[in-house]
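Novice: Let me begin by handing over the structure; questions about it come next.
Only the coordinates and a few stated rules stand behind these numbers; no lab work does. Here the structure is a predicted model, which is why all the values come from computation and not from measurement.
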Amino acid sequence: MPDVSILEVARQYLSRLSDGAEPEELESFFAPDVVYEEFPNRLRPNGATGDLQAMKDARARGRALLKAERFELVNAVAGDGKVAMEVIWTGTLRDAAGPFAADQTLRARFAVFMEFRNDRIVRQRNYDCFDPW
C-alpha cells in the first residue's frame, strides 16, 4: 500500500520538525526538485515559493528565531500519491523580533498538501492561518 508509506513519511517529517531537525535533514524527505508554496498569511502577506535550498534556508532562520516549536497532526488523508494534513503549529520565540516579545508563543493552523514521487515530497503547498497576537 504505497499511500500508507507516504502518510508515514509525512508524519515522520512533522515529528522531525518538532524535534528540531537541522536544515540538512530536509533532504531525506524532499526530492531535489521539490517546489514549495506558502500562500499569503499574516507573516507572509505576499506568500512565498521556493525550492529545496530556500526551504533549508528558511529552516535555518526559523531555528535561530525559535527556541521551541511543535507540529501537532490533527487529521491526515492519503491517496493517489498525495497527502493532505491539518496541523496545529506552536512556536516560542527565542528573542524579541519585530512586533513579538521574547518567549512569546505563536500559534497557527495549517492545511498542508503534499505530492510524492518515490516516497519523497515533490510539491508542498501550505495554507497557514495564524491566531491573532
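Novice: 222 nm [θ] for the chain, helices only, -39500 (n - 2.57) per DSSP H run of 4+, per residue, to 500?
Specialist: After summing the helix terms and dividing by the residues of the chain, the value is -7500 deg cm²/dmol.
Novice: Taking Cα extents along the principal axes in Å as the quantity of interest, determine which of (i) 42, 34, 29; (ii) 46, 28, 27; (iii) 85, 31, 24 was computed from the displayed structure.
Specialist: Entry (ii).
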